[in-house]
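Just below is one structure, and these are the notes that go with it.
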Amino acid sequence: MVYLTLFICFIASIILTPLVKMLAFKIGATDRPNQRKVHQKIMPRLGGLAIFLSFVIGVIILQPENVYSTAILAGAAIIVLTGMLDDMIELSAKYKLLGQIVAALLVVVWGGAQVEFINLPFGGQIEFGFMSIPLTIIWIVGVTNAINLIDGLDGLAAGVSSIALITIAGMAVIMGDTFVAVMASILLVSTLGFLFYNFHPAKIFMGDTGALFLGYMISVLALLGFKNITVVSLIIPVIILGVPISDTFYAIIRRFVNKQPLSAPDKSHLHHCLLRMGYSHKQTVLIIYAIAALFGLAALIFSQSTVWGSLIFIAVLLFAIQIFVESIGLIGNDHQPLLKFMKTKRNNS
């Protein structure tokens with residue numbers, strides 16, 4: 001029954017996406033090119049609605065039971081409504097953030113999905129107490145915006161999200177978490193059906209409807225899969241979402257270094273840097289897919305490591321990320337402290 005439902009969701013997404021495309025043009029949910037955009041013509045957005053509707057079909061058929069189910073779906077409805085409004089009339093940043101916070105509150109306060117404590121690697125426990133609610137909300141809103149920020153090339157956000165969902169579903173199966181495995185799988189096939197139309201050259205964009213919905217769902221599923229456990233295990237969802245989280249983190253650093261507002265848009269995200277290096281649109285997307293897949297594999301290896309092995313693994317991973325970031329100029333071509341230090345050491349030896 002599960003496999004049949006997943007097939008139905010995949011086909012539903014393929015059928016619904018062209019219908020959503022027509023709706024997008026009808027209601028004016030389109031994306032016009034400008035100096036920051038890569039596309040050269042008016043494109044329909046709102047494609048995330050097809051992903052959401054296909055996902056809902058799967059949930060209705062399988063009805064995965066969990067104490068969080070109702071709250072998750074209610075939050076999803078709020079986040080999709082927020083995205084649809086933004087795709088149609090371009091909401092201000094504060095209203096988009098408000099929609100995200102309301103969706104997160106539904107899951108965290110009403111649903112009760114909170115990171116309440118973590119067990120330390122070498123004994124002891126950290127209780128978050130009253131801070132568990134704001135910390136969990138920050139996680140959901142942060143990941144939601146991270147997915148939204150990487151939605152800059154055809155198929156990029158959908159593909160990276162799909163890779164993250166494969167990893168989450170796979171690890172949920174290993175951990176015996178049927179609910180997270182089923183929900184992630186339904187969302188995965190719904191996204192893959194949409195990706196059929198969204199991969200370069202895209203016929204439709206997912207818009208904020210899709211980016212916010214995927215970010216919200218991935219953040220919640222990762223939270224449910226790994227909450228209330230060890231510090232080491234809590235790092236797993238961060239590694240799984242390595243591409244959007246690191247891109248967002250370095251965007252914040254970049255704006256701080258350049259003394260720009262955190263909300264200031266720019267053309268220095270990961271995909272922009274790779275395009276400037278001479279890679280084509282499709283090559284850039286495939287390279288980022290490969291990086292996301294490596295993060296997924298890293299999360300799987302990390303989850304099977306010992307405590308000391310995990311700590312060494314994290315140190316090596318952070319070093320590799322920093323080298324890569326400086327090599328492509330993600331913060332800026334003049335901001336390469338580690339590469340300059342290594343060059344100095346080489347010259348002195």
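The values are calculated or read from the model by the stated rules, or taken from the named source; none is laboratory data. Small disclaimer: the values here were computed from a predicted structure and weren't measured. Every residue, glycine as well, gets a Cβ built from its backbone with ideal geometry; the counts of neighbours run over all protein chains shown. We work out accessible area using only protein heavy atoms, side chains counted, and drop any ligands, DNA or RNA first. Shrake-Rupley method; radii C 1.70, N 1.55, O 1.52, S 1.80 Å.
In the range 261-293, how many are closer than 18 Å to T167 by Cα and in contact (Cβ under 8 Å) with a residue 40 or more places away in the chain? Of the residues in the range 261-293, 5 are closer than 18 Å to T167 by Cα and in contact (Cβ under 8 Å) with a residue 40 or more places away in the chain. Going through (1) modelled with pLDDT of 80 or more; (2) farther than 22 Å from H200 by Cβ one by one, I288 falls short only on (2). I'd like to check something: does the range 316-329 contain any residue that is loosely packed, with under 13 Cβ neighbours inside 10 Å and within 27 Å of V173 (Cα to Cα)? Looking through the range 316-329, none of the residues is loosely packed, with under 13 Cβ neighbours inside 10 Å and within 27 Å of V173 (Cα to Cα). Considering only the range 47-57, state which residues are part of a helix (DSSP H, G or I) and crowded, with 24+ Cβ neighbours inside 10 Å. Within the range 47-57, G48, L49, A50, I51, F52, S54, F55 qualify.
Across the range 98-115, the number of residues qualifying as surrounded by fewer than 16 Cβ atoms within 10 Å (Cβ to Cβ) and either touching a Cys at 6+ places or on another chain (Cβ under 6 Å) or at pLDDT below 95 (or both) comes to 3.
Whether any residue in the range 167-174 is of a type in the set (A, V, I, L, M, F, W, C), under 20 Å from A293 (Cβ atoms), part of a helix (DSSP H, G or I) and within 13 Å of the chain's Cα centre (by Cα) is what I want to check. Yes, that holds for at least one residue. For the residues Y289, Y279, the requirement of being of a type in the set (F, W, Y), out of contact with any helix residue (DSSP H, G or I) (no Cβ under 6 Å at 6 or more places or on another chain) and surrounded by fewer than 18 Cβ atoms within 10 Å (Cβ to Cβ) singles out Y279.
Selection of the range 60-96 for residues being among the aliphatic types (A, V, I, L, M), open to solvent by 20 Å² or more (accessible area, probe 1.4 Å) and closer than 26 Å to F7 by Cβ yields I60, I61, L62, L73, A77.
Restricting the range 19-36 to residues that are open to solvent by less than 50 Å² (accessible area, probe 1.4 Å) and either part of a strand (DSSP E or B) or within 15 Å of M206 (Cβ to Cβ) (or both) leaves a set whose member that is modelled with the lowest pLDDT is D31. A count restricted to the range 164-181 and to residues that are crowded, with 23+ Cβ neighbours inside 10 Å and in contact with a Gly (Cβ under 9 Å, 6 or more places away or on another chain) stands at 6.
Residue-level analysis places I236 outside the set of residues that are of a type in the set (V, I, T), open to solvent by less than 20 Å² (accessible area, probe 1.4 Å), over 20 Å from the mean Cα position of the chain (by Cα) and modelled with pLDDT under 85. Checked against (1) over 24 Å from L105 (Cβ atoms); (2) among the aliphatic types (A, V, I, L, M); (3) open to solvent by less than 10 Å² (accessible area, probe 1.4 Å), L188 passes all but a single condition, namely (3). All conditions but one from (1) more than 19 Å from I240 (Cβ to Cβ); (2) open to solvent by 30 Å² or more (accessible area, probe 1.4 Å); (3) of a type in the set (S, T, Y) apply to S303; the one that does not is (1).
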